[in-house]
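Step one of this worksheet: look at the structure below.
The values are calculated or read from the model by the stated rules, or taken from the named source; none is laboratory data. Predicted model, so just to flag it, every value in this text is computed and none were measured. Positions of Cβ are backbone-derived with ideal geometry, glycine not excepted, and every protein chain shown enters the neighbour counts. Just the protein is used for accessible areas: all its heavy atoms, side chains included, with ligands, DNA and RNA removed. Shrake-Rupley method; radii C 1.70, N 1.55, O 1.52, S 1.80 Å.
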Amino acid sequence: HLAALVLARGGSKGIPLKNIKLLAGVPLIGWVLRAAADAGVFHSIWVSTDHDEIEKVAKQFGAQVHRRSPEVSQDSSTSLEAIREFLNHHHEVDIVGNIQATSPCLHPSDLIKVADLIQKEGFDSVFSVVRRHQFRWSEVKKGENKMTEPQNLNPAKRYRRQDWPGELYENGSFYFAKRHLIEKGYLQGGKMAYYEMRAEHSVDIDIDIDWPIAEQRVLSFGYFGKEPLKEVKLLVCGVDGCLTNGRIYVTEDQKEMVSYDYRDMVGISLLKKRGIQVRLISERDCSKTLSAMQLGCIAEVSAINKLQVLEGWKRDLGLSWKEIAYLGNEESDVECLKKAGMSGVPADACAVAQKAAGYICKSNGGCGAVREFAEHIFLLLEKVNSARKQ
């Protein structure tokens with residue numbers, strides 16, 4: 001029994017609840033859970049945590065949850081202690097694949113190859129490494145009367161990068177080990193093997209990358225699902241709660257008014273300039289409001305069945321689901337969010353909509369969420385174009 005195990009306690013010395021903080025619209029832990037699920041090599045996928053919110057997110061991504069004890073949830077607690085506790089409660093597990101939540105560019109193909117090493121080739125432990133081309137020098141501590149010395153180079157004959165194979169360093173992305181090793185107190189031991197990851201996939205935001213840079217790396221090199229991305233040709237956006245903040249103001253003479261964010265208007269304009277159609281959908285009759293906004297978008301109001309409307313537009317335009325993006329915020333949007341190739345919700349969307357979406361905006365509805373989702377679409381389009389060139 002090969003189990004994937006992600007350790008994700010609630011405490012963090014740096015970023016509060018870092019493990020579920022949104023990274024490129026997805027909770028950090030979601031990136032590795034998606035890769036583990038799509039690898040198809042694990043008999044079970046677990047998150048070990050001491051926090052209710054992390055448990056909730058883990059279950060949204062299909063993982064089972066082991067509630068770790070306070071004894072192994074301290075700042076001083078080691079990964080090995082948490083893994084051993086997990087094994088004490090799950091006697092069916094023979095091999096643990098400990099995957100780090102802070103490695104969001106992990107791909108299923110890596111996990112498949114590692115599973116083969118440990119299950120088919122007989123290794124007792126396998127861990128991830130990355131190749132680095134860095135010259136090392138000995139440390140000279142303050143007050144010491146000595147010179148630094150080269151550790152892995154001859155200064156008189158420095159290698160060119162292309163002429164030097166470099167060195168292998170642990171990157172912390174994953175550690176696979178058999179039960180008997182872990183029970184003896186080892187994550188690495190017995191018949192050992194390393195697995196070399198591609199440098200662009202070796203991202204550890206815990207060590208050397210801050211959040212904005214990590215988001216760019218994930219958008220460029222992250223794993224987005226089994227099916228290849230396609231160029232988005234249509235964005236369907238909910239009106240109330242996405243384009244507006246959902247509030248309706250009523251004057252004394254019973255006229256309705258809503259507010260919107262100019263940034264969202266710019267976002268729609270930019271999408272159109274990129275050749276992406278934008279259509280609007282609403283459960284209520286807001287045709288006068290949309291007319292006043294002068295957006296120039298096709299709209300369906302009083303839509304009782306949003307999915308039916310979306311399917312009709314898809315058919316009329318001859319598009320695949322992968323070519324459609326959908327921004328919604330309510331329970332009535334859930335089926336559309338699940339079908340669309342790219343789906344998003346504002347930060348204040350209802351819980352079931354957030355669960356169904358692939359991207360959760362930092363902005364609330366009516367406060368720039370449309371513009372933010374448009375930027376997300378543009379970044380993924382760059383990824384599609386880059387893949388075509390390759």
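Mind pulling the angle between the C-alpha long axis of helix 79-89 and the longest principal axis of the chain? Nearest 10 degrees, somewhere in 0 to 90. Helix 79-89 sits at roughly 80 degrees to that axis.
The C-alpha atoms of the stretch 221-309 occupy a region whose extents along the principal axes are 54, 28, 22 Å, arranged from largest to smallest. For the options ARG84, ARG132, ARG67, a Gaussian network treatment of the chain with springs between C-alpha atoms closer than 10 Å singles out ARG132 as fluctuating the most.
Expressed to the nearest 5 percent, the antiparallel share of DSSP beta bridges inside the chain is 35 percent. Remark on ASN245: its backbone amide H falls under 5 Å from those of SER259, a criterion applied only to residues 5 or more positions apart or on other chains, H modelled at 1.01 Å from N. The average projected area of the stretch 2-210, computed from the convex hull of its Cα atoms over all directions, is 14.6 nm².
Averaged per residue, the chain has 51 square angstrom of accessible surface, using a 1.4 angstrom probe with ligands and nucleic acids left out. Measuring nothing but how far apart in sequence close Cα pairs (under 8 Å, 6+ apart) lie, relative to its length, the chain scores a relative contact order of 15 percent. Shown here: the stretch 303-390, whose C-alpha atoms stretch 41, 32, 20 Å along the first, second and third principal axes, sorted largest to smallest.
Could you tell me which of the pairs LYS21/LYS233; LYS226/LYS338; LYS56/LYS338; LYS233/LYS362 are separated by over 26 angstrom between their Cα atoms in the structure shown? Distance filter (> 26 Å) returns LYS21/LYS233.
Using alpha carbons only, the radius of gyration of the stretch 61-146 set against its Kirkwood radius gives Rg/Rh = 1.10. Pairs of Cα atoms nearer than 8 Å and 6+ residues apart set the relative contact order; for the stretch 26-71 it is 39 percent. Summarising the amide proton neighbourhood of CYS361: residues at separation of 5 or more, or on other chains, whose placed amide H is nearer than 5 Å comprise VAL345, ALA347.
Could you work out the longest stretch of the chain that avoids the GluC sites (Glu not before Pro) located in DSSP loops with at most 16 other Cβ atoms within 10 Å? Counting at most 16 other Cβ atoms within 10 Å as exposed, the longest clean stretch of the chain is 253-390. Averaging the Cα positions of each part gives two centres, and for the stretch 123-186 and the stretch 274-310 these lie 57 Å apart.
Once Rg and the Kirkwood radius are both taken over the C-alpha atoms of the stretch 1-118, their ratio Rg/Rh works out to 0.94. Karplus-derived 3J(HN,Hα) values for the stretch 22-37, using 6.51 cos²θ - 1.76 cosθ + 1.60 with θ = phi - 60°, are 5, 10, 6, x, 10, x, 3, 5, x, 4, 6, 5, 5, 5, 5, 5 Hz; glycine and proline are entered as x.
Surface composition of the stretch 163-287: carbon and sulfur make up 50 percent of the accessible area, probe 1.4 Å. The antiparallel fraction among DSSP beta bridges confined to the stretch 1-142 stands at about 10%. Per-atom-type breakdown for the stretch 22-123 gives carbon and sulfur 46% of the accessible area (1.4 Å probe, protein chains only).
Helix 306-317 and the long axis of the chain differ in direction by around 90°, with both axes built from C-alpha atoms. Helix 108-119: angle to the longest alpha-carbon principal axis of the chain, degrees 0 to 90, nearest 10? The angle comes out at about 30 degrees.
Compared with the rule-of-thumb size 2.2 N^0.38 Å for a compact globular protein, the stretch 234-388 has a Cα radius of gyration ratio of 0.99.
The HN-Hα couplings worked out from phi for the stretch 163-179 by the Karplus form 6.51 cos²θ - 1.76 cosθ + 1.60 (θ = phi - 60°) are 9, 10, x, x, 10, 9, 10, 4, 10, x, 5, 7, 9, 9, 8, 7, 3 Hz, whole numbers, x standing for Gly and Pro. Take every pair of alpha-carbon atoms less than 8 Å apart whose residues are at least six positions apart; their mean separation over the length of the stretch 2-210 yields a relative contact order of 24 percent.
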